[in-house]
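First the structure, in the form of structure tokens, and then the observations on it.
The values are calculated or read from the model by the stated rules, or taken from the named source; none is laboratory data. As the structure is a prediction and not an experimental result, all values here were calculated from the model. All Cβ positions, even for glycine, are placed from backbone atoms using ideal geometry, and neighbour counts span all protein chains on display.
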Amino acid sequence: MPRLNIGFMGGCISTQPGIERKDLFYNKMLHFFEETKTEVQFTISLGNYQSFDTLNKKNSDFINKKDLDIVFLFIRPFPLMPLQKPFIKYDSANGSSKTAIHPSLLSRKLRWDRILTLHQSTSPYCEEIKRKKIALRDLNIGIGIVLGLHTWANRFILSKIIETKNLFKQKKIKLFVISPPKNPESMMANKICKWTTDYLKRQCLKQHISYLDINKLSMECFKNDGIHFNQMGHYELGKILYKELKKFIEQGSCITSS
């Protein structure tokens, strides 16, 4: 039977607490293939990253450990948000919180320090967000928009996607980029996710990179926290992946024999 080794590079969505394993998006995708009696043996591998500046290394380590034919790269909202802020909270070496100025305000080069991402990715308020913190964050993001940081952030993320594309091309691995989802817990974060989705859709088309838009999924797909997908969200994501992979398999690409 033909075999297809699939990797998903993302974050907590792959092992999301509160969602049963059978209901996670990749298992829903496999279920759709079982229903249609697709004669392909699938192997699923999961990877994660916390900061876009380390994405290329994370992807390199991922594909060196796994024999992959395809990788789906999620553009995660959590490491996306710090890229938009002129004033960024981070954790110093002694554990205290400090505030840094966005690196691109001093130099427009496409550089980033992962320490500026980790506070956002590990902060407890990712689960229990307080309205005051959201309001302050949205103000910070709003100032960043005035300063053009959303444009800088999109260019920075695209540069990392292109690095990934070139890395995978050397290994003959097919890359699919998955857009940020909605971020309904915050008006400004939601706008950033939409702008990033639309920008990357245009640029990935120019770069001949396969792109999946999951920003179009409805508000009904989210848990009450306005951040994470609920069971319906995983179901709908699994359906999108199934349809895209089905077309890919019918083309006979990247299929190996058992």
* **Filter pass, Leu212 being within 21 Å of Ile13 (Cα to Cα), modelled with pLDDT of 95 or more and crowded, with 16+ Cβ neighbours inside 10 Å** => yes
* **One residue from Tyr242, Tyr235 being touching an Asp or Glu at 6+ places or on another chain (Cβ under 9 Å), aromatic (Phe, Trp, Tyr), surrounded by 15 or more Cβ atoms within 10 Å (Cβ to Cβ) and assigned to a helix (DSSP H, G or I)** => Tyr235
* Only one of Lys246, Lys174 that is of a type outside the set (Asp, Glu), in contact with a strand residue (DSSP E or B) (Cβ under 9 Å, 6 or more places away or on another chain) and over 28 Å from Asp113 (Cα atoms) -> Lys174
* Kindly indicate which of Phe8, Phe42, Phe87 is touching a residue at least 12 places away in the same chain (Cβ under 8 Å) and under 19 Å from the mean Cα position of the chain (by Cα). => Phe8
* To do: Identify, from the list Thr99, Thr117, Thr151, the residue that is at pLDDT below 80 and either under 20 Å from Pro180 (Cα atoms) or not acidic (Asp, Glu) (or both).
  => Thr117
* Please enumerate the residues belonging to segment 174-187 that are crowded, with 21+ Cβ neighbours inside 10 Å, in contact with a Gly (Cβ under 9 Å, 6 or more places away or on another chain) and either among the β-branched types (Val, Ile, Thr) or farther than 24 Å from Phe248 by Cα (or both). => Ile178, Lys182, Asn183, Ser186
